[in-house]
């Protein structure tokens, strides 16, 4: 097979593969720049499955992290330095898979020195980019915060002092049901009144966790507030020193404190992660700067795809001509030879 | 950082917020000399506020044996170590406060005591210092070589609370009406910066609710004019509660102002921390002065001297400790009686300075 024929077959095979790949939503190349593409998929979004094959359809973006040193309490010293992030959507739901290395699995908070692993995604609630650290007054942000201890409560039921100290002896808790070691659950209604944080309506103190992802709004340091409407779900799994956490949300929630999504839009997004083993909480965390997220559309073909198709068509037509028009082929060969001679002064 | 005035240090100091003093400031005087460590105060608090899930190791009021006891263990020594040299020039503190010694990544120096440090609240009970000389008492010194004493501890409801300053959520607030410092249970997110930065270690983490709690100065009682449970329950009558003002605004017939600013027998605990704590202690007479000076500042000698030789007014006021559940804001001492009055001048309590001795008629002797 001569050079021209090999070239032509090569081009045709590549084209065929490209067309196939486009049809199968496969991506060969991960995004090198910090643009997070939320891949449009047909069918179900893996809302609570970090190991779903569907995630392989989306490109991974490596998000670099820096220690938070804007306001105390700050993070000093080494900690988690990057996250792998993917996103998929199906026009109704959008989900993110966040992965990072963490040798310690910190999922309990029942001792004063226990802090949880956690990860958060932040979106602006205004058109412009608010201050990346929790936004500002009037430039608010929506935060979706996954907590390892909430996940543990959901996976293996509520944990408290009895898990830290199985042999702890307490004679009596008012209105507690059952036998020692008493659990907060099940409880008589009155017992809640004696559990201050729960009685005050603090979502952290509520032993009945429905989701490991808290939906919050913030407008500056210290203003993080649990939203009345909780719209996020997800699931995190730690295996072999790696956390894989899914955080998912419906596109539209009808809540003015939530970021709203639609196919074809771009939106700034930022990430933060906490290593509980390093006693990280609150501002003691690793943070990213704002990235751009583009939500891929299924209904509209984007401009770059049209251009790519046109180029592919032209190349295909050229290949066919080269294969079946020997005169043209000879002319082209002549041109290549002459050009080669021109560029090589030794000939 | 703002500059605020801390009268206990005799100077201005750095604090993250500007100074706003409350209309009234909760205060209490604890007379260490009278305490027998019966822990009735501790149980009164426990049975009122901290009897539920997650509060098993939580003691908002505790009585520890000094110098070795501590709840949490070695809380004071650990913080003092972080503070560096604590020097005074007469009544002006020339060392650094916990706010001034802090690095840029924190609001105040502190540490987070681990779970095990909270688990033995009465560790080293009645443990005295070592008897080194073979002679316990010397004629030259009025104090004992071998000593221990009881330290009664609640939240100090500081004028410049480190818990409040370090809370990144501003979930801790100081009430303008009475200066009581509270953790808002609905907005605390369990970061434990208050546990880490309060030098007295009085905010505590609740592992069941996963947020922090602290002494609330029995505010529902105070709002009704009653003293806190720990103060009401004290069988040794060592405690007196009232309202304190700045030294230059001291009212002579206010019990707190009299004891702290006028008689100067009651001193703040570790004033060098810089939080301007509002529980004041009458230092124990039998303890080496150097030890007391480190704990209560430069006023120790004078306080003990005055307490040892009280005048009629001081003697009368000391008799009023623990005599009523009501808060009395004014007092008067006559030649025979000590009297406490409420805000509107109504008499609440009256006690004789010298108790009347009644000798029973032999006809009625209780002999069987």
- Task: From the list A:276, A:234, pick out the single residue that is at pLDDT 95 or above and away from every other protein chain (no Cβ under 14 Å).
- Result: A:234
- Query: Do you know which residues across the stretch B:275-292 are touching a helix residue (DSSP H, G or I) at 6+ places or on another chain (Cβ under 8 Å) and either in contact (Cβ under 8 Å) with a residue 24 or more places away in the chain or on the phi > 0 side of the Ramachandran plot (or both)?
  - Reply: B:275, B:277, B:280, B:281, B:282, B:283, B:284, B:285, B:289
- Would you say residue A:84 is at positive phi and away from chain B (no Cβ under 14 Å)? no
- Item | Residue list for the stretch A:54-79, filter: touching a helix residue (DSSP H, G or I) at 6+ places or on another chain (Cβ under 9 Å) and either within 14 Å of chain B (Cβ to nearest Cβ) or crowded, with 22+ Cβ neighbours inside 10 Å (or both) | A:72, A:73, A:75, A:77, A:79
- Task: Filter the stretch A:236-254 down to the residues that are out of contact with any strand residue (DSSP E or B) (no Cβ under 8 Å at 6 or more places or on another chain) and more than 23 Å from residue A:116 (Cα to Cα), then identify the one that is surrounded by the most Cβ atoms within 10 Å (Cβ to Cβ).
- Result: A:253
- Query: What about residue A:286, is it under 21 Å from the mean Cα position of the chain (by Cα) and modelled with pLDDT under 95?
  - Reply: no
- Message: For the stretch A:203-218, give me each residue that is away from chain B (no Cβ under 11 Å) and modelled with pLDDT of 95 or more.
- Response: A:211, A:212, A:213, A:215, A:217
- Query: Considering the stretch B:231-261 alone, what residues qualify as being part of a helix (DSSP H, G or I), in contact (Cβ under 8 Å) with a residue 24 or more places away in the chain and more than 20 Å from residue B:323 (Cα to Cα)?
  - Reply: B:247
- Residue check: is residue A:45 farther than 30 Å from residue B:204 by Cβ and touching a helix residue (DSSP H, G or I) at 6+ places or on another chain (Cβ under 8 Å)? yes
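Each row is one residue, and each column tells you yes or no for (1) away from chain A (no Cβ under 14 Å); (2) surrounded by 17 or more Cβ atoms within 10 Å (Cβ to Cβ); (3) touching a residue at least 12 places away in the same chain (Cβ under 8 Å).
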position	(1), (2), (3)
B:37	yes, yes, yes
B:54	no, yes, yes
B:62	yes, yes, yes
B:69	yes, yes, yes
B:91	yes, no, yes
B:99	no, yes, yes
B:106	no, yes, yes
B:128	yes, no, yes
- Query: For residues in the stretch B:51-64 being out of contact with any strand residue (DSSP E or B) (no Cβ under 6 Å at 6 or more places or on another chain) and at pLDDT 95 or above, which is nearest to residue A:165 (Cα to Cα)?
  - Reply: B:59
- Query: What about residue A:169, is it away from chain B (no Cβ under 14 Å), over 22 Å from residue A:229 (Cα atoms), at pLDDT 80 or above and not in a strand (DSSP E or B)?
  - Reply: no
- Item | Residue check, residue B:238 modelled with pLDDT of 95 or more, farther than 30 Å from residue B:12 by Cβ and under 17 Å from the mean Cα position of the chain (by Cα) | yes
- Query: Of these, B:27, B:77, which one is within 19 Å of the chain's Cα centre (by Cα), modelled with pLDDT of 95 or more and either part of a loop (DSSP other than H, G, I, E, B) or buried (at least 18 other Cβ atoms within 10 Å of the Cβ) (or both)?
  - Reply: B:27
- Query: For residue B:189, are the conditions met, namely being closer than 27 Å to residue B:100 by Cα and within 14 Å of chain A (Cβ to nearest Cβ)?
  - Reply: yes
- Query: Restricting attention to the stretch A:108-147, which residues are under 20 Å from the mean Cα position of the chain (by Cα) and within 14 Å of another protein chain (Cβ to nearest Cβ)?
  - Reply: A:116, A:118, A:120, A:133, A:134, A:143, A:145, A:147
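The values are calculated or read from the model by the stated rules, or taken from the named source; none is laboratory data. Every value quoted in this text rests on a predicted model; they were computed, and no experiment measured them. For neighbour counting, all protein chains shown are included, and Cβ atoms are generated from backbone atoms with ideal geometry for every residue, glycine included.
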